[in-house]
Amino acid sequence: MWTQCVEPRPFADRRLVCFPHAGGSPYFFRGWGKALTGFEVHAVCYPGRAERIAEPPATELAAMAGDITAALLPWMDGRPTVFFGHSMGAIVAYEVVGALEEAGVEVAHFVASGARAPHLLRPDPDVATTWDDESIARTLVELGGTDAELLRNPAFVELVMPYIGADFRMLASYGPDRSTPLRCPVTALVGDRDPRVGADDVAAWRSETRGPFRFRTFPGDHFYLAGEPPFTVIDEAPAGS
């Protein structure tokens with residue numbers, strides 16, 4: 001299964017689909033359904049983690065996005081659907097939203113968090129090959145999403161590093177192949193102390209859509225949303241206006 005829904009709400013007015021960061025899992029969004037009572041909240045589970053831990057991690061971002069799109073298409077039933085992606089998840093969600101629009105689906109809104117705009121990304125195979133466990137661990141600590149003490153635990157590292165490393169290498173190898181801007185409204189978010197992604201990088205999402213665009217900064221680092229999720233932004237996300 002590509003998505004998990006902790007609190008099914010088949011009669012909710014809107015649906016929210018959340019895409020985790022590199023190394024992330026649906027557990028990151030576990031509490032969002034309880035907070036966003038007007039939505040039925042689904043979280044994407046990439047291969048190689050959580051309930052899919054036995055599967056090999058994905059190696060090509062666009063191909064994985066294509067598989068997610070195929071899984072989502074059957075239940076795009078006209079209920080307004082908002083897509084939210086954080087960090088690598090924003091890029092995966094961008095690919096999915098674009099593919100859904102190409103298939104004739106009207107996406108209500110897309111929220112990109114903590115990620116450079118896709119047109120700023122260039123595939124770099126050399127960088128992809130240098131993502132070893134040590135460099136990944138340093139980056140995780142710098143971004144603020146992982147306790148340094150955990151990374152000194154061999155059992156933890158053995159469990160998570162295969163899929164975290166695969167995600168980092170997959171993102172480093174990604175280059176956008178989409179020439180048509182999105183049609184849906186886009187909101188771009190970033191922490192004001194993000195050590196890797198600057199405000200200008202995130203404001204550049206403006207050029208990725210023909211629809212309305214909004215840009216917001218929040219107090220915090222790359223994982224600003226861990227303590228204060230942007231529920232208000234999502235709840236007030238306009239659909240087409």
Pick from the stretch 44-58, criterion within 24 Å of D177 (Cα to Cα) and touching a Phe, Trp or Tyr at 6+ places or on another chain (Cβ under 7 Å), ranking: surrounded by the most Cβ atoms within 10 Å (Cβ to Cβ): V44
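Residue by residue, here is whether (1) over 17 Å from the mean Cα position of the chain (by Cα); (2) aromatic (F, W, Y); (3) at pLDDT 95 or above holds:
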| position | (1), (2), (3) |
| --- | --- |
| A155 | yes, no, no |
| A172 | no, no, no |
| G191 | no, no, yes |
| R196 | no, no, no |
| D200 | yes, no, yes |
Close pairs (6 angstrom Cβ cut-off, 6 or more residues apart or separate chains): in contact (Cβ under 8 Å) with a residue 40 or more places away in the chain in the stretch 209-227, open to solvent by 20 Å² or more (accessible area, probe 1.4 Å) and part of a strand (DSSP E or B) anywhere: Y224/F218
Tally, over the stretch 13-43, of residues that are in a loop (DSSP other than H, G, I, E, B), open to solvent by less than 30 Å² (accessible area, probe 1.4 Å) and free of Cβ contacts under 8 Å to residues at least 40 places away in the same chain: 1
The stretch 59-88: number of residues that are open to solvent by less than 20 Å² (accessible area, probe 1.4 Å) and out of contact with any strand residue (DSSP E or B) (no Cβ under 6 Å at 6 or more places or on another chain): 7
Only one of D177, D126 that is open to solvent by 70 Å² or more (accessible area, probe 1.4 Å), over 18 Å from H21 (Cα atoms), at pLDDT 65 or above and within 20 Å of the chain's Cα centre (by Cα): D177
Every pair of residues 6+ apart whose Cβ atoms lie under 6 Å, when the first sits in the stretch 50-74 and is touching a residue at least 60 places away in the same chain (Cβ under 8 Å) while the second is in a helix (DSSP H, G or I) and hydroxyl-bearing (S, T, Y): P57/Y163
Criterion: charged (D, E, K, R), within 17 Å of the chain's Cα centre (by Cα) and either under 23 Å from R196 (Cβ atoms) or in a loop (DSSP other than H, G, I, E, B) (or both) - qualifying residue of E7, E95: E95
Number of the exception - D235 against (1) exposed (fewer than 14 other Cβ atoms within 10 Å of the Cβ); (2) over 17 Å from the mean Cα position of the chain (by Cα): (1)
Which numbered condition G104 misses (of (1) among the small types (G, A, S); (2) in contact (Cβ under 8 Å) with a residue 12 or more places away in the chain; (3) closer than 25 Å to T180 by Cα; (4) open to solvent by 40 Å² or more (accessible area, probe 1.4 Å)): (2)
Of all residues making up the stretch 180-221, the number that are open to solvent by 30 Å² or more (accessible area, probe 1.4 Å), among the polar types (S, T, N, Q) and outside any loop (DSSP other than H, G, I, E, B): 2
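The values are calculated or read from the model by the stated rules, or taken from the named source; none is laboratory data. Note that the structure is predicted; figures quoted are calculated from it, not measured. Neighbour counts run over all protein chains shown; Cβ positions are idealised from the backbone, glycine included. Protein only, heavy atoms only, side chains kept; ligands, DNA and RNA dropped before computing areas. Shrake-Rupley method; radii C 1.70, N 1.55, O 1.52, S 1.80 Å.
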